[in-house]
Every structure is written in structure tokens, then in C-alpha cells.
Amino acid sequence: MSETVLVAVDGSPQSDAALDHAIEQFPDADIVALTAVDPVAAGYSTAPGPDAGGYPGEWIEQANDRADTILDNAVEHAADQGREIDTVRVTDRPARAIVDYADEEGVDHIVIGSHGRTGVTRVLLGSVAENVVRRAPCPVTVVR
């Protein structure tokens with residue numbers, strides 16, 4: 001039975017580094033790139049008012065399109081390194097999506113990028129990586 005490694009991707013350089021790390025460190029594993037569409041982000045990314053259009057319908061459609069682009073880029077990035085990966089898009093808070101998927105699918109290892117926030121920013125925004133490390137049902141590697 002093959003090992004499964006879950007890599008959280010969000011289109012950032014840190015998530016690219018996490019994918020690179022997974023490809024290098026787990027050459028025989030099945031790699032799954034997961035991105036989460038955070039429904040809570042809708043409240044922060046769109047101002048209410050007449051310009052909001054079909055919100056939240058339009059917002060979720062745009063967010064899903066962005067997530068699909070992130071996953072397509074991850075597939076291309078892995079292919080450039082001679083690897084095939086699977087992808088999954090989940091609508092949920094990122095940390096919960098990662099942990100729940102790992103638990104439900106029996107993932108053996110999670111690799112996630114760190115955004116390196118410190119101080120008040122970290123306290124206010126929280127840390128997806130930290131929450132995943134605390135709650136994950138398997139080992140987690142945080143890549144800077």
C-alpha cells in the first residue's frame with residue numbers, strides 16, 4: 001500500500017515550497033494537493049452594497065475559479081518535476097479542511113507552507129499551519 005502525502009496549496013511561494021519538499025522527500029508517495037475555499041473570507045473580501053452583485057453566488061464562483069487555477073498550477077509545477085499528483089478542492093476553513101481530509105482519507109503525512117507571520121498579525125489572523133499541527137491525525141511538516 002502506497003503512502004499518501006497531503007500538500008496544502010494556496011498559490012503562495014510558501015505552498016510551492018511545500019509541494020517541492022513533498023516531491024523531494026516523498027518520491028514514492030501518492031501526493032494530493034488540497035486547496036480550500038474559505039466561505040468566511042467572503043465577508044472580508046467583498047464590501048456590502050449595490051456593487052456586490054449576485055453575492056454570495058458570484059463570490060463563490062470566483063473563489064472556486066481561483067482555487068481551480070491554484071490546483072492546475074500545482075499539477076503543472078509537479079509535472080515540471082516529473083511527478084503526477086492528485087488534487088482536491090474543499091469549501092471550508094483551511095485548517096479544518098486539511099485536518100478533516102487527512103483524517104477521512106487516511107493521509108500518512110501533511111506538508112504545509114508557513115507564512116511566517118509574527119506578533120499581532122499572527123495573533124489576529126491565526127495560523128493555519130499551527131492549527132493543522134495541533135489537530136492533525138498524522139505527522140506534519142511545516143516548510144518555510
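The values are calculated or read from the model by the stated rules, or taken from the named source; none is laboratory data. Computed from a predicted model, the values in this text were never measured in an experiment. Every residue, glycine as well, gets a Cβ built from its backbone with ideal geometry; the counts of neighbours run over all protein chains shown.
Being at pLDDT 95 or above, in a helix (DSSP H, G or I), closer than 19 Å to Val143 by Cβ and of a type in the set (Asp, Glu) is a property that holds for Asp16.
In segment 14-26, the residues that are among the hydrophobic types (A, V, I, L, M, F, W, C) reach residues that are surrounded by fewer than 19 Cβ atoms within 10 Å (Cβ to Cβ) with C-beta atoms within less than 7 angstrom, at least six apart or across chains, in these pairs: Leu19/His77; Ile23/Gln81; Ile23/Arg83; Phe26/Glu3. For the residues Ile23, Ile98, Ile70, Ile60, the requirement of being part of a helix (DSSP H, G or I) and modelled with pLDDT under 95 singles out Ile60. Restricting to segment 87-116, count the residues that are of a type outside the set (A, V, I, L, M, F, W, C) and surrounded by 15 or more Cβ atoms within 10 Å (Cβ to Cβ). Total satisfying the criteria: 13.
For Asp51, the conditions (1) touching a Ser or Thr at 6+ places or on another chain (Cβ under 9 Å); (2) at pLDDT below 95; (3) part of a helix (DSSP H, G or I) all hold with the exception of (1). Residue check: Ala42 meets all listed conditions (1) of a type outside the set (Ser, Thr, Tyr); (2) modelled with pLDDT of 95 or more; (3) in contact with a Phe, Trp or Tyr (Cβ under 6 Å, 6 or more places away or on another chain) but one, namely (2). I need the full set of residues from segment 106-144 which are touching a strand residue (DSSP E or B) at 6+ places or on another chain (Cβ under 9 Å) and either modelled with pLDDT under 80 or in a strand (DSSP E or B) (or both), in order please. If the condition is that a residue be touching a strand residue (DSSP E or B) at 6+ places or on another chain (Cβ under 9 Å) and either modelled with pLDDT under 80 or in a strand (DSSP E or B) (or both), then His109, Ile110, Val111, Ile112, Gly113, Val140, Thr141, Val142, Val143 are the ones that fit.
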